[in-house]
1. Considering only residues that are open to solvent by 70 Å² or more (accessible area, probe 1.4 Å), touching a residue at least 12 places away in the same chain (Cβ under 8 Å) and among the charged types (D, E, K, R), which ones fall in region 118-162?
2. Out of all the residues in region 92-109, which are under 19 Å from R77 (Cβ atoms) and out of contact with any Ser or Thr (no Cβ under 6 Å at 6 or more places or on another chain)?
3. With the condition kept exactly as written, say whether any residue in region 175-183 is at negative phi, open to solvent by 50 Å² or more (accessible area, probe 1.4 Å) and outside any helix (DSSP H, G or I).
4. So, of the residues in region 103-115 that are within 27 Å of G49 (Cα to Cα) and open to solvent by 10 Å² or more (accessible area, probe 1.4 Å), which turns out to be nearest to the chain's Cα centre (by Cα)?
5. Inspect all residues belonging to region 169-184 and state whether any of them is within 14 Å of the chain's Cα centre (by Cα) and over 25 Å from L2 (Cα atoms).
6. What residue, among those in region 65-102 that are touching a strand residue (DSSP E or B) at 6+ places or on another chain (Cβ under 9 Å) and not in a helix (DSSP H, G or I), is surrounded by the fewest Cβ atoms within 10 Å (Cβ to Cβ)?
7. What number of residues within region 34-58 satisfy the criterion of being outside any loop (DSSP other than H, G, I, E, B) and either touching a Ser or Thr at 6+ places or on another chain (Cβ under 9 Å) or farther than 21 Å from L115 by Cβ (or both)?
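The values are calculated or read from the model by the stated rules, or taken from the named source; none is laboratory data. None of these values were measured; they are calculated from a predicted model. Neighbour counts run over all protein chains shown; Cβ positions are idealised from the backbone, glycine included. All accessible areas refer to the heavy atoms of the entire protein, side chains included, with ligands and DNA or RNA removed. Shrake-Rupley method; radii C 1.70, N 1.55, O 1.52, S 1.80 Å.
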Amino acid sequence: GLHSLMLLRRGQVAAAGWWHPYAADRPHMLFSLSKSFTSTAVGLAIAEGRLTLDDPMLKFFPAEAPARVSRNLAAMRVRHLLSMNTGHAEDTIPSLLRRRDGDWARAFLSAPVKLKPGSHFEYNSGASYMLSAIIQRLTGMPIVEYLQPRLFEPLGITPPRWESCPKGVNAGGWGLNLKTEDIARFGQLYLQKGLWGGQRL
């Protein structure tokens, strides 16, 4: 069923509606739309010089790497996480959720990488989680806090809630909660190629 609708034309709301029990002031869990906010955070971190698209993914998780690192795992880069071309033959989420100690990064790194990164697309929410974990490793704060002054505050978005793994890392691939208007603002920001109120975010 349709939960809500907001149509913008030339940056202005042309039509909007919410269907009970959803309402304009009620944040909604965004499911995989959360990934777009995760990739935005990665882009901001790249612009700040904190990482590059070609950084090896293992660079950020030396303690969690398996004892024997396969050639394909070693070849995995940040760009492969963003494009879901990690080389995994299936989504890694089941492996993450089954991990008894709650160490999702270690679970991701332990999953078989059967294919060469960049050669095969596989929808992989675990890759988005790893991007969130990278941002937290680089900044010392969860991705939702990192985005607060850089994205949410300039767009007028109330500090949102984002679900986390047992280790306190925001899920990245799902779990962000925003209002319909907040999503519209985010979409409008991209239509304006990153400009908001005359400022490039």
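1. R137, R161 - these are the residues of region 118-162 that are open to solvent by 70 Å² or more (accessible area, probe 1.4 Å), touching a residue at least 12 places away in the same chain (Cβ under 8 Å) and among the charged types (D, E, K, R).
2. T92, A105, L109
3. yes
4. First, the residues of region 103-115 that are within 27 Å of G49 (Cα to Cα): 104-106, 108-109.
From what is left, the residues that are open to solvent by 10 Å² or more (accessible area, probe 1.4 Å) are 104, 106.
Numbers: W104: 15, R106: 18 Å.
It comes out as W104.
5. Yes.
6. Only one residue fits best here, namely R77.
7. Taking region 34-58 first, the residues outside any loop (DSSP other than H, G, I, E, B) are 34-47, 56-58.
Narrowing further to those that are either touching a Ser or Thr at 6+ places or on another chain (Cβ under 9 Å) or farther than 21 Å from L115 by Cβ (or both): 34-47, 57.
Total meeting the criteria: 15.
Each row is one residue, and each column tells you yes or no for (1) aliphatic (A, V, I, L, M); (2) farther than 18 Å from A41 by Cβ.
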residue	(1), (2)
P94	no, yes
R100	no, yes
W104	no, no
K114	no, yes
G118	no, yes
R137	no, no
R161	no, no
N170	no, no
L176	yes, no
